[in-house]
1. What nm distance separates the two modelled labels at R109 and A292, each placed 7 Å from Cα along Cα→Cβ?
2. So what are the three principal axis dimensions of region 140-293 from its Cα atoms, in whole Å, longest to shortest?
3. Where in region 203-253 are there trypsin sites (Lys or Arg not before Pro) that are in a DSSP coil and have at most 15 other Cβ atoms within 10 angstrom of their Cβ?
4. Please state the relative contact order of the chain as a whole percent: Cα pairs under 8 Å, 6+ residues apart?
5. Please state the relative contact order of region 39-180 as a whole percent: Cα pairs under 8 Å, 6+ residues apart?
6. So what J values fall out for region 157-166 if you push phi through Karplus, 6.51 cos²θ - 1.76 cosθ + 1.60 with θ = phi - 60°, rounded to Hz, Gly and Pro as x?
7. Please work out how much length the chain gains when fully extended from H64 to L90, using 0.36 nm per residue of separation minus the C-alpha to C-alpha distance, in nm with one decimal.
8. Given H placed 1.01 Å from N in the peptide plane, which residues other than close sequence neighbours of I111 have an amide H under 5 Å from its amide H?
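The values are calculated or read from the model by the stated rules, or taken from the named source; none is laboratory data. These numbers were taken from a predicted model, which means no experiment stands behind them. A quick note on method: Cβ atoms are made from the backbone with ideal geometry, for glycine too, and the neighbour counts reach across all protein chains shown. Each accessible area value is taken on the protein alone, full model and side chains, heavy atoms only, with ligands, DNA and RNA left out. Shrake-Rupley method; radii C 1.70, N 1.55, O 1.52, S 1.80 Å.
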Amino acid sequence: MGDLNRLTSTRRALLAGAAAGLTCATLPRLASAKAPMANTPAPGFYRFKVGSFEATVVSDGPLHMGAPAAGVFSDVSKEQMLKELTENFLPTDNVLMEQNALVINTGERVILFDTGVGTAKAFGPDSGRLLVGLKAAGLDPKDIDALVLTHAHPDHCWGLMDDNGARNFPNAQIYMTQADLDFWTDEAKLTHPQLKDFIAGTRKHLLPNRDRMVLVRDGQEFLPGIQAMAAPGHTVGHTVFVITSQGKTLCNAGDIAHHHTIMVENPRREFAYDTDGKQAVASRLRVFDMLASQRVASVTYHFPWPGLGHIGKQGDGYRYFPMPLRTVL
């Protein structure tokens, strides 16, 4: 042990002497490496494969929902919401919901699910990025030939038209449910105090495209490898879509849940923007059970970017497992 102590002391002395020698030596002056900060975000797209299909998630930018408050989710007080956000290391000053729009290239068709909110800024200044993101991903809006709407809320269909009334996706056939088309273009609802602004805006985007719409039914494979699965409640015609290629499956889950912890770990909570909250809960439990039991990956529109992950059973609720992002296809 004494020998070991002497060796350690000798080593320390040698290192100290070497350091002192380096300090005293004349070293060349190194240039200071400076460059302007980019102040730009990373490109808002992520690409992966589903069998032979190429999938790309493109961001329309986050929606700012504001500070936690009572009434956003049923039976959740402001204090409880703050507690759950804190426990999950999430910001407590402003709740953000991403907008993850999925593009599927089958080799024959280029299919976009939902359009983002367009130029509307009701939920903050950071939305409306879908067209820029598509171009960054090498996708020309003119090449989108099928546009599938999970439902007709503003953040899912108000990107159909630009401010001058021109189509953002001029070559796209539009697929949606009859129920949502009828509900969200109903002229009688233009006087409804809570719905009138939504109805007026949605009519501007849906009605000019009526001649290019195909109405889809529950269970229908309306495009090769793309099957509709009714999940009403959030809206009367809310639909999720099951995408299958070469034995691989992905679910485009739309707004089946709006928060990856608050509504996944407690899936029986209703959301303030649900048309029928109890029906939305029933649909959520049914879809979550399918995703968990069949181990099907999903892209969920408002989950943290890029919304790609798995739902697993956890006690009386579920847990969201984000999929690791890959740098190769």
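1. My value for the distance between the label points is 3.2 nm.
2. Sorted from largest, the Cα extents of region 140-293 read 45, 44, 24 Å.
3. Working: sites: R203, K204, R210, R212, R217, K248; in loops: R217.
When the trypsin sites (Lys or Arg not before Pro) of region 203-253 are filtered for loop state and at most 15 Cβ neighbours within 10 Å, R217 remain.
4. Values: 643 pairs, mean separation 49.5, N = 329.
Relative contact order comes out at 15 percent.
5. Numbers: 273 pairs, mean separation 33.4, N = 142.
Relative contact order for region 39-180 comes out at 24 percent.
6. 9, 7, x, 5, 10, 8, 5, 9, x, 8
7. Values: separation 26, 0.36 × 26 = 9.36 nm, distance 1.39 nm.
Residue separation times 0.36 nm, minus the Cα-Cα distance, leaves 8.0 nm.
8. For I111, whose amide H was placed from the backbone, the distant partners under 5 Å are I104, N105, T106.
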